[in-house]
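Taking it in order: structure first as structure tokens, then the write-up.
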There are 2 protein chains.
Amino acid sequence: MCDTCGCQLHDHHHHDAKVVEVNRSLLEANQQQAVANRQHIERMGAVAVNLISSPGSGKTTLLEQTIDALGETVRIGVIEGDIETERDAERIRAKGVPAVQLTTGGACHLDAPLVHGGLHVLEHFAKGAKLDLIFIENVGNLVCPATFDLGEHRRVVLLSTPEGSDKPAKYPATFRSADLVLITKSDLLAHFNFSVDEATRDAQLLKPQLDVLTLSATTGEGFDAWITYLHDLLHH
Amino acid sequence: MCDTCGCQLHDHHHHDAKVVEVNRSLLEANQQQAVANRQHIERMGAVAVNLISSPGSGKTTLLEQTIDALGETVRIGVIEGDIETERDAERIRAKGVPAVQLTTGGACHLDAPLVHGGLHVLEHFAKGAKLDLIFIENVGNLVCPATFDLGEHRRVVLLSTPEGSDKPAKYPATFRSADLVLITKSDLLAHFNFSVDEATRDAQLLKPQLDVLTLSATTGEGFDAWITYLHDLLHH
């Protein structure tokens with residue numbers, strides 16, 4: 001009971017039970033569709049990578065440089081998730097790569113049913129050409145996307161140098177769900193109080209043997225290891 | 001119907017109706033509690049500012065420098081929202097200011113009921129001393145916190161230079177809900193392709209006359225205007 005303001009503490013129990021039930025139902029439906037998406041992608045002969053990060057951590061810039069680095073030997077398709085705007089898909093299309101923009105209209109993450117639609121549009125855009133590698137760039141959000149399997153084969157979480165090395169400890173569910181952590185904008189390490197050791201240690205406390213790579217899409221430092229990671233994934 | 005993978009498109013209508021109903025019920029309960037929080041804060045003789053941004057945009061550093069700049073003439077209290085860890089509250093307490101850490105245990109935003117509890121703990125920490133200004137540092141997330149009124153008097157959205165000036169257009173609901181936008185880490189403007197004009201124009205397209213200030217908590221440039229904004233708020 002609140003003595004200062006006299007307000008009543010509400011009974012949230014019934015309410016919470018309904019929320020929990022709806023959330024479970026949503027997540028179960030998402031998981032079923034994610035399994036179907038993964039099979040769908042495999043029938044296309046492709047593998048899919050789900051990119052998760054805060055806004056402005058460099059997901060789209062990473063994709064632009066990755067498209068250049070992989071060259072024409074790997075056929076890439078991209079599904080872009082954003083709340084609003086087509087800007088990211090336009091940046092990718094400028095590289096000559098098919099890109100579907102999924103705008104969530106307010107929702108804070110992509111989900112598997114939306115990506116399912118995106119896969120069909122991507123196939124349409126690819127005009128019958130086979131794709132090897134599909135990147136799914138999630139909505140910029142370091143929290144909510146972690147809960148939603150989209151049918152990807154690898155989940156890559158980006159942490160940019162300006163954000164600070166305390167983020168794995170502060171957003172544990174997201175980093176625990178990662179297959180690979182990319183510390184991006186490493187050309188800025190000299191200008192920020194960012195400890196690669198702290199970020200790596202905290203991430204691996206959450207998930208032992210979690211791969212962590214450090215790179216800069218601007219200078220290209222560390223980029224070779226990322227490209228090798230993708231080649232290994234493609235030839236697995 | 002999905003021809004490629006043969007999966008069934010589910011009927012989401014009934015499901016969605018339940019989700020919508022639960023969301024409306026949650027938001028109504030939040031709004032009621034937000035109104036009570038605002039009255040509670042006013043009875044304390046204080047005003048409250050809700051700080052929203054992506055992870056690592058500089059909310060806690062802004063608070064540290066703001067505490068120093070306001071000095072002992074303004075009695076400050078801080079409610080820190082994080083998914084995990086007490087780190088931010090420890091940084092604020094090191095400045096001699098009472099700070100409550102609310103860990104959401106996975107949730108992507110603060111809500112008014114949680115902040116209500118935080119206000120009581122903050123009063124306990126303040127040991128009967130009157131507070132003038134309460135900062136509520138939200139969970140680092142540029143999407144979900146926008147929907148939840150916490151009972152604040154002003155909502156301040158931070159956008160840091162490394163994130164890029166396209167963010168107001170990409171996260172419109174958040175910037176539309178702001179009373180003030182702070183472009184932070186302005187000492188880095190020379191190193192990034194960030195247009196203050198683009199960010200300001202796009203934010204004001206969403207909400208005409210929205211105040212936008214540009215500052216660096218590191219070098220102190222632009223900080224005076226922010227401190228003046230807070231003094232005006234306190235003496236309104």
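The values are calculated or read from the model by the stated rules, or taken from the named source; none is laboratory data. Values in this document were obtained by computation on a predicted structure and should not be read as measured data. Counting neighbours? That spans all protein chains shown, and the Cβs are built from the backbone with ideal geometry, glycine included.
So for the range A:124-145 (the condition being assigned to a helix (DSSP H, G or I) and within 15 Å of the chain's Cα centre (by Cα)), does at least one residue qualify? Within the range A:124-145, one or more residues are assigned to a helix (DSSP H, G or I) and within 15 Å of the chain's Cα centre (by Cα).
Being part of a strand (DSSP E or B) and at pLDDT below 95 is a condition met by at least one residue of the range A:89-108. The residues listed here are A:Ile41, A:Ile67, A:Ile79; of these, the one that is within 21 Å of A:Phe148 (Cα to Cα) and more than 14 Å from every other protein chain (Cβ to nearest Cβ) is A:Ile79. Take the residues of the range B:110-128 that are surrounded by fewer than 19 Cβ atoms within 10 Å (Cβ to Cβ) and under 19 Å from B:Asp149 (Cβ atoms): which is nearest to the other protein chains (Cβ to nearest Cβ)? My answer is B:His120. The requirement of being over 20 Å from A:Ile67 (Cβ atoms) and more than 12 Å from chain B (Cβ to nearest Cβ) is satisfied by A:Asp149.
Among the residues making up the range B:196-209, those that are surrounded by 14 or more Cβ atoms within 10 Å (Cβ to Cβ), under 20 Å from the mean Cα position of the chain (by Cα) and farther than 17 Å from B:Gly222 by Cα are B:Asp202, B:Ala203, B:Gln204, B:Leu206, B:Lys207.
Residue-wise test of (1) in a loop (DSSP other than H, G, I, E, B); (2) farther than 19 Å from A:Gly118 by Cβ; (3) among the charged types (D, E, K, R).
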residue: A:Glu28; (1), (2), (3): no, yes, yes
residue: A:Gln31; (1), (2), (3): no, no, no
residue: A:Ile41; (1), (2), (3): no, no, no
residue: A:Gly45; (1), (2), (3): yes, no, no
residue: A:Ser57; (1), (2), (3): yes, yes, no
residue: A:Thr61; (1), (2), (3): no, yes, no
residue: A:Ala69; (1), (2), (3): no, yes, no
residue: A:Glu72; (1), (2), (3): no, yes, yes
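Checking each residue in the range A:130-146 for being away from chain B (no Cβ under 14 Å) and farther than 16 Å from A:Lys59 by Cβ picks out only A:Asp132.
Just one of the listed residues (A:Ala94, A:Ala169, A:Ala126) is over 27 Å from A:Leu26 (Cβ atoms), hydrophobic (A, V, I, L, M, F, W, C), free of Cβ contacts under 8 Å to residues at least 24 places away in the same chain and out of contact with any Phe, Trp or Tyr (no Cβ under 7 Å at 6 or more places or on another chain), namely A:Ala94. With respect to A:Gln32, determine if the residue is at pLDDT 90 or above and at the interface with chain B (Cβ under 8 Å from one of its Cβ atoms). Against the criterion (at pLDDT 90 or above and at the interface with chain B (Cβ under 8 Å from one of its Cβ atoms)), A:Gln32 does not qualify.
Taken over the range B:156-185, residues that are more than 7 Å from chain A (Cβ to nearest Cβ) and surrounded by fewer than 22 Cβ atoms within 10 Å (Cβ to Cβ) amount to 4.
Rundown of residues vs (1) of a type in the set (Val, Ile, Thr); (2) farther than 19 Å from B:Gly140 by Cα; (3) assigned to a helix (DSSP H, G or I), yes/no style:
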residue: B:Phe175; (1), (2), (3): no, no, yes
residue: B:Leu189; (1), (2), (3): no, yes, yes
residue: B:Ala199; (1), (2), (3): no, yes, yes
residue: B:Gln204; (1), (2), (3): no, yes, yes
residue: B:Leu213; (1), (2), (3): no, yes, no
residue: B:Thr219; (1), (2), (3): yes, yes, no
